[in-house]
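Asker: Below is the structure I would like to discuss, written out as structure tokens.
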Amino acid sequence: MSVPAGRSMRLSTRFAICVAVAVPLLVLAAGLLMLGLVSHDLRAERDAQLVSRLRALAPLASVYAWRERATPGIPPDFLQRRLSEATTGADGTGGVHLVVAGAEPLVIGDVPHAPPPAGTPGPADFAEGGRAWRYVAEDLGVRDGNARLYVFDSEAHLAAQLGLLRRRLVLTALVSVAGGALAGIALGRFAVRPLETLHRQARVMDTPDRPRTRLATTSGVSEIDELAAMLNMSLDRRDAAVARTGEALDTARAFAATVAHELRTPLTSMGANLALLDHPQVDAGEQAEIVADMRAEQGRMRRLVGALRQLARGELLDPAAFAEIDLMEIVAAAVEDARRRHPHAEITVSAACRPVLRGWAEGLRGILDNLLDNAAVHGVGGAGGCEISVDVRAEAVAVLLAVRDRGPGIPPADRDAVFLRFQRRRGSPGSGLGLTVVRQHVLLHGGSVRMTGVRGGPGTRVEVRLPRDAVPLTPSAGSSWREDRA
């Protein structure tokens, strides 16, 4: 079913839309994956820094706690300043909560009001008043008392970094939409350029001014070249089918003309004989002769129609009819039928092997039937007998089939003409098409046929060579309507 032009979409447009959708999605997916990895790495790095700061501050905090226990109420300002400088660091974030038993806690930087419960060294999370921190803790070995150092880092600092990454990711995805659309349009046009070239070629091919034009297969894109090659093969098959149809029509016209021409004479003769049968002056003896003539004409017509049918089947031969064939089976069947048709003929078969070849079974049978009939009719000797021999031999790449008789023979000058249609000797009861059928069927198998004399005596020998692996030739190769038309 064809799609209306208003609803169709160009392939380049489809490509641009797909790229414009796929690129942002890929960017977003890659960004989310990267955001997760960066978030994990930042959190791991923050924990590592908290542990490092805890280890760096622990000695100084221990001294501070010891001095605080030794002189209660007198804060060691120098140690406090050093702790404050070491705690906040270069970025000014984080804080320290130092708990000393029996003294005021030391609070530096951004820390919760109350420290987390003891027993969790961290790194761990702690929330208070809607805010969150990440901390590590360590008990200080202070004499005559307990002291615990907490190092904090605000979750808001890391959240701000991750938020910045998220905003940049969204911005990148939005920019990639426009970039993907532009890239899709450009790549789509580039990608479908071979298709557009193929379309332009297809529109002008097989026009009256450019007959038998074929699509180019040199685009450089394997899929396009394969498609063009397939279309060219389809066009070649179409042209071959058209040619075969034209040949079939020519064959049908020639067949009809030949039948009309060849049947006119026997039909006219039979009409005249029928008119004579009604004449009052024709006696019974003459009527019997007229009936005998009509029967002879009827037999000739039957043989003529049969031969014409064989020629027509050869003209319209389908190559699929070729198959592996045991030639001796066809020879045996043809000889057995010929013995029944011609009881006066003595037929012998000589075969040194049992050759198998590729061919058209009906055509091979037609070759043998016509050669045997021709030998039985024209190979009668002076004593009225007929000796026919069939010889089958295997050659290197072919099979030799020879049929010999002991009749009067055919002069060398006439041996080629006997294969032309409607060539028959005076008084012959045949149709003049038997050897024409033989030649046509042999040529269709890619073989050869020739007629010779018999060495050491009278008679005729017809030799047929058939290739073992026959390739069906076009019907015109075995045509009898074009070559022999008078």
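Asker: How much net charge surrounds residue 31 when only the other residues with a Cβ under 12 Å from the Cβ of residue 31 are counted, with Lys and Arg +1 and Asp and Glu -1? Let's see the in-between values first.
Answerer: On the way: positive: 166, 167, 168; negative: none.
Charge balance in the 12 Å sphere: +3.
Asker: Would you pull out the residues with amide H under 5 Å of residue 351's amide H, same chain only if 5 or more places away, H placed 1.01 Å from N?
Answerer: Sorted by chain and number, the residues that satisfy this are 392.
Computed from the coordinates by the stated procedures, all read-outs in this text should not be read as laboratory data. Please read all numbers here as calculations on a predicted model, not as lab measurements. Because the Cβ atoms are built from the backbone with ideal geometry, glycine has one as well, and the counts that use them run over all protein chains shown.
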